[in-house]
Amino acid sequence: MPELPEVETVRVGLERAMVGRRIAQVAVFGARTLRRYPPGAAGFTARLAGRTVTGARRRGKYLWLPLDDGTQLLAHLGMSGQFLETAPGAPDAPHLRARFSFADDGMELRFYDQRTFGGLSLADGVDADGVPLDLGHVAPDPLEPAFDPVAWSAALRRRRTGVKRAILDQTLISGVGNIYADEALWRARLHYARATDGLRRPEIDRLLEAIRQVLVAAIVAGGTSFDALYVAVNGESGWFDRSLEVYGREGEPCSRCGTPIIRQHFTNRSSYLCPKCQHRPRNGRW
């Protein structure tokens, strides 16, 4: 599933491709794409026609495009959502879910979603940070000004769970998924099962810095693309997979100590780690 770096890469592409453009018409294919928008396709397309895109923003894994009438066009990529800028008249690829046509040059923005876990919606009203009220359940991500490290540190220690579970919780800190959680924990030399209420403040600071470092590095690389399900708006893939230290590297030597990377079962997925750099705690604690 796309995480913060991939979504930020898409946001940058949308900002370049869409801001200042007036939407001429919209077509939606399949009701599932608008399942979070009760008025359905007719209401969705009617509200967007004639509107001008004024920005492209993100919180965590959510995207939204502010429009000139105060409406927010929300998007979540799910596991396979893609926005692609396309020339008018270009043939449709499989899994097209929505097409936005623009009045100025006829260029189109197409939303594809193979697995249909993503979706589009419209929202009214924003909070003091300009975030749609519909995203009030999503915590600030670690790269935005609204993120409060002191409050996050306190909330992390109160959570009383394993540290990886905590940093995957989008109500606590948003934008971090399985790939970047493993990478950040390796950088911070923390085992994924370490109990949050036993973390010391220097360890929490080290973890937050590691999260920020890996997210920024991944953004610079355009995100991580393991297959064609994630590409930027211009169709290009990211290349951060070349810089991954532990994720997907089972059996390969740790670049820090040479110990083979291992993979362990974690909920319904996997965790990758170095067993020497990231000692397993006893009962979640040292």
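The values are calculated or read from the model by the stated rules, or taken from the named source; none is laboratory data. As the structure is a prediction and not an experimental result, all values here were calculated from the model. Every residue, glycine among them, receives a Cβ derived from its backbone with ideal geometry; neighbour counts consider all protein chains shown. For the accessible areas, the whole protein counts, side chains as well, though only heavy atoms, and no ligand, DNA or RNA atoms are used. Shrake-Rupley method; radii C 1.70, N 1.55, O 1.52, S 1.80 Å.
Rolling a 1.4 Å sphere over the protein heavy atoms, what is the accessible area per residue of the range 107-168, to the nearest Å²? It would help to have the intermediate numbers written out before the result.
Details: 2730 Å² over 62 residues.
Normalised by residue count, the accessible surface of the range 107-168 is 44 Å².
Where the centroid of each part is defined by its Cα atoms, how far is the range 32-72 from the range 74-109 in Å?
After rounding, the separation between the Cα centres reads 14 Å.
If the chain between residue 124 and residue 242 were fully stretched, how many nm would it gain, using 0.36 nm times the residue separation less the Cα-Cα distance? If you can, show how the numbers build up before the last one.
Numbers: separation 118, 0.36 × 118 = 42.48 nm, distance 4.05 nm.
That works out to 38.4 nm of additional length.
Nearest 10 degrees, 0 to 90: what angle lies between the long axis of helix 201-220 and the longest principal axis of the chain (Cα atoms)?
Its long axis makes an angle of about 40 degrees.
For semi-axes √(5λ) of the Cα gyration tensor in Å, the listed values are (1) 37, 21, 15; (2) 43, 25, 18; (3) 29, 23, 17; which was obtained by calculation from the structure presented?
(1)
How do 55-61, 21-27 rank on mean C-beta neighbours within 10 Å, highest first? Don't skip to the end; give the middle numbers.
Values: 55-61: 21.3, 21-27: 16.7.
Final packing ranking: 55-61, 21-27.
Compute the Cα gyration tensor for the range 91-229, then decide on rounded, prolate or oblate, letting a ≥ b ≥ c be the square roots of its eigenvalues: rounded whenever a/c is under 1.5, prolate when a/b is larger than b/c in the other cases, and oblate in all that remain.
On the way: a/c = 2.48, a/b = 1.79, b/c = 1.39.
The shape class here is prolate.
Normalising by the residue count of the chain, find the relative contact order in percent from Cα pairs under 8 Å and 6+ residues apart. It would help to have the intermediate numbers written out before the result.
Values: 578 pairs, mean separation 50.7, N = 286.
So the answer I get is 18 percent.
Tell me whether the range 58-110 comes out rounded, prolate or oblate; compute the Cα gyration tensor, take square roots of the eigenvalues as a ≥ b ≥ c, and use a/c under 1.5 as the rounded threshold.
oblate
Can you tell me how much longer the chain between residue 282 and residue 133 gets when fully stretched, taken as 0.36 nm per residue apart minus their C-alpha distance, in nm with one decimal? Before the final figure, lay out the partial values.
Values: separation 149, 0.36 × 149 = 53.64 nm, distance 4.17 nm.
Extra length available between residue 282 and residue 133 comes to 49.5 nm.
Using per-residue counts of other Cβ atoms within 10 Å, averaged over each peptide, order 123-129, 162-168 from highest down. Display every interim value, and only then the final one.
On the way: 123-129: 12.0, 162-168: 22.4.
My ranking of the peptides, most packed first, is 162-168, 123-129.
Compute the label zone of residue 15 within the range 61-77: residues whose backbone N is under 19 Å from the point 7 Å along Cα-to-Cβ.
Flagged as within label range: 61-68, 72-77.
Would you kindly state how much longer the chain becomes between residue 216 and residue 268 on full extension, computed as 0.36 nm times their sequence separation minus their alpha carbon distance, in nm to one decimal?
Working: separation 52, 0.36 × 52 = 18.72 nm, distance 2.70 nm.
Length gained between residue 216 and residue 268: 16.0 nm.
Would you work out the relative contact order for the range 181-250, in percent, from Cα pairs under 8 angstrom that are 6 or more residues apart?
Taking the mean separation of contacting Cα pairs over the length of the range 181-250, I get 33 percent.
How high is the relative contact order of the range 75-151? Use alpha-carbon pairs under 8 Å, at least six apart in sequence, and give a whole percent. Spell out each step's value before the answer.
Working: 102 pairs, mean separation 23.8, N = 77.
RCO, the range 75-151: 31 percent.
In terms of the Cα gyration tensor, with a ≥ b ≥ c the square roots of its eigenvalues, is the range 21-72 rounded because a/c is under 1.5, prolate because a/b exceeds b/c, or oblate?
Details: a/c = 2.07, a/b = 1.15, b/c = 1.81.
Oblate is the answer for the range 21-72, as a/c is 1.5 or above yet b/c matches or exceeds a/b.
Please determine, in degrees from 0 to 90 and to the nearest 10, the orientation of helix 149-158 with respect to the longest principal axis defined by the Cα atoms of the chain, where the helix direction is its Cα long axis.
Between helix and principal axis, roughly 60 degrees.
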